[in-house]
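Down below is the structure, laid out as structure tokens.
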Amino acid sequence: MNRQEFLKVTLAGAATVMAGGATSLLTSCGAAPKAATKNDTPLRLSFQSGTGIGESYAEKFDYMESLGIEGFEPGGNELVRNYDEIAKALEGRNIKLSAICAGFEGFILAEEQAAKDAFDTSMRTIVDAAGSLGSTGVIMVPAFNHQVPCRPHTQETRDFLCAELKALGDYALSKGTTVILEPLNRGEAFYLRLVSDAAAICRDVANDGVMCMGDFWHMKEDTGDYAAFMSAGKYLRHVHVASRGGRSMPGEDGELDNYKEGFRALKELGYPYYVSFECGCRSDRSVAVPAAVELLRRQWEEA
Ligand code: MG
């Protein structure tokens, strides 16, 4: 074994221990440990409410199951409004709630107390519902560009955000879920644009109830897909995917729709959560959706 091969094996081993955690340790106590490779990590896909086909939740979930989709990401409003219906429709399915897509009122960095209060109240209502149905977390954006007046982009605001997130994280944990920071692009939310910045906030908050995510559409802000996900590491709780030219169904932008570098990072991390569709569709949904699922599965294999 030359030095390069040795390094490869050693690094792969270290990544496996990091990613496998307790499971790897347990395995290694029994029979000869299986040599895990990065390719053992499964791709777990999730749909939002309008991604697939079907009117009722039963129809939507039947369609999702026919494609092997394991996660469902409703909006926060939708979850609260249709809680009983969603809970019943999920019974006996191979589908679980993945993350919950925002839906709260107001925003956490609001200068006006009424907008901050609206955020605190509505976010906790969504967290309650998310936790009781076992969601991986509720997605939140600290401030969209259009939300004003907003606290200024200063150290004091960041400290405020961390303190507020700590309290929110404690609340989410008490309900069995988390809150997930989503970085967007500068056109939508200048305050938080990089996956690595969201992860650094999670690190500083140091609360298991506060996690972050990456959205392939917004990740054009990051210097690269691989680096973005690797920088999030253990804080990464959710991923959004869309076509990379016009935020449509993956595959509808042809050659642009390459997710392999990002997928390679997710596989090396042993990422156990969901990759969830958040996108439109420009062509026949009954053709584009199965094609997108197949495209993502093929690129995951190749990553
Ligand atoms: Mg998104």
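The values are calculated or read from the model by the stated rules, or taken from the named source; none is laboratory data. Predicted model, so just to flag it, every value in this text is computed and none were measured. We place every Cβ from the backbone using ideal geometry, glycine too, and count neighbours over all the protein chains shown.
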So, of the residues in the range 30-47 that are of a type in the set (Lys, Arg) and out of contact with any strand residue (DSSP E or B) (no Cβ under 7 Å at 6 or more places or on another chain), which turns out to be modelled with the lowest pLDDT?
Lys34
I need the full set of residues from the range 39-95 which are of a type in the set (Lys, Arg) and within 22 Å of Tyr273 (Cβ to Cβ), in order please.
Arg44, Lys60, Arg93
Exclusive hit being at pLDDT 95 or above, away from the ligand (no atom under 16 Å from the Cβ) and farther than 19 Å from Pro74 by Cα, set Gly224, Gly246:
Gly224
Here the residues within the range 75-96 that are of a type in the set (A, V, I, L, M, F, W, C) and under 18 Å from the mean Cα position of the chain (by Cα) are Leu79, Ile95
What number of residues in the range 139-168 are outside any loop (DSSP other than H, G, I, E, B) and touching a Phe, Trp or Tyr at 6+ places or on another chain (Cβ under 8 Å)?
2
Checked the range 50-84 for anything part of a helix (DSSP H, G or I) and of a type in the set (Phe, Trp, Tyr); matches are Tyr57, Phe61, Tyr63, Tyr83
Test Tyr171 against the criterion of being in a helix (DSSP H, G or I), over 13 Å from the mean Cα position of the chain (by Cα) and among the hydroxyl-bearing types (Ser, Thr, Tyr), and give yes or no.
yes
List the number of the failed condition for Glu268; all other conditions in (1) under 19 Å from Asn185 (Cα atoms); (2) in contact (Cβ under 8 Å) with a residue 60 or more places away in the chain hold.
(1)
